[in-house]
Amino acid sequence: MTTWIGIKAGKRKLDVALLAGGKLKTKALGYDGDELLGWLGKQGVTLVQGRACVAIAGIEAERIGLLLHDEGCPVSMVDAATVLAFAREEKLRVKNDAIDAPILARYGAVRQPDAWTPPPSEVRVLAVLQDGLRDMETFRQDQLDRLKRYQADGFQELVDRVNEHIPILDDAIAKLQTSLANHLAEHPHLTPAAD
């Protein structure tokens, strides 16, 4: 019998539900992966024999999916709208059009969604480097725009402060560019994916 683990990453916590043999257990946990694994272990869950159904909801959901996948648990990353439609079909109680962990566990048990295969680590690292570089460049441009406004308005103290930050941002951008170039050199098959 497969134990289904439903996980919804909220703003401040993970909502987790276990569904095994028709019995449901729920728990609210922090984002600490060790806390999640510890609680699952205390419930007698063998991850390689369980299945997880995680609502796609940002970086924390992906991080938890990766953690469980790396521990040998098949993980299905599911779209909240699909699960919400399932809940309505099953006439399950849904508050505020939001799914919760028990509904995710039940969805997994009934629909048996395909297991998710996470991208290889070098692809994930590439995405993080690209996003970080893009964010840093955007932040630098925002600072330059502020600098122009401060100069036009005669706020010399703010002009001086922003001028102190620009070289720091330039240095951070240069380091990220170097890291990105090194990563692509180590993994040349990723070069077409680079921005």
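Assorted remarks:
- Residue, surrounded by the most Cβ atoms within 10 Å (Cβ to Cβ), within the stretch 1-54, restricted to residues that are among the charged types (D, E, K, R) and touching a strand residue (DSSP E or B) at 6+ places or on another chain (Cβ under 7 Å): 8
- Among residues of the stretch 66-93 that are on the phi < 0 side of the Ramachandran plot and at pLDDT below 95, those with a beta-carbon under 6 Å from a residue that is surrounded by 17 or more Cβ atoms within 10 Å (Cβ to Cβ) and of a type in the set (Ser, Thr, Tyr) at least six positions away or on a different chain give the pairs 83/107; 86/107.
- Listed conditions (1) under 13 Å from the mean Cα position of the chain (by Cα); (2) in a loop (DSSP other than H, G, I, E, B) are all met by residue 61, apart from (2).
- Residue in the stretch 163-172 that is surrounded by 11 or more Cβ atoms within 10 Å (Cβ to Cβ), touching a helix residue (DSSP H, G or I) at 6+ places or on another chain (Cβ under 6 Å) and touching a residue at least 40 places away in the same chain (Cβ under 8 Å) present: no
- Residue in the stretch 81-98 that is among the β-branched types (Val, Ile, Thr) and assigned to a helix (DSSP H, G or I) present: yes
- Verdict on residue 131 being exposed (fewer than 15 other Cβ atoms within 10 Å of the Cβ) and among the acidic types (Asp, Glu): yes
The values are calculated or read from the model by the stated rules, or taken from the named source; none is laboratory data. Here the structure is a predicted model, which is why all the values come from computation and not from measurement. Please note: Cβ atoms are built from the backbone with ideal geometry, for glycine as well, and neighbour counts cover all protein chains shown.
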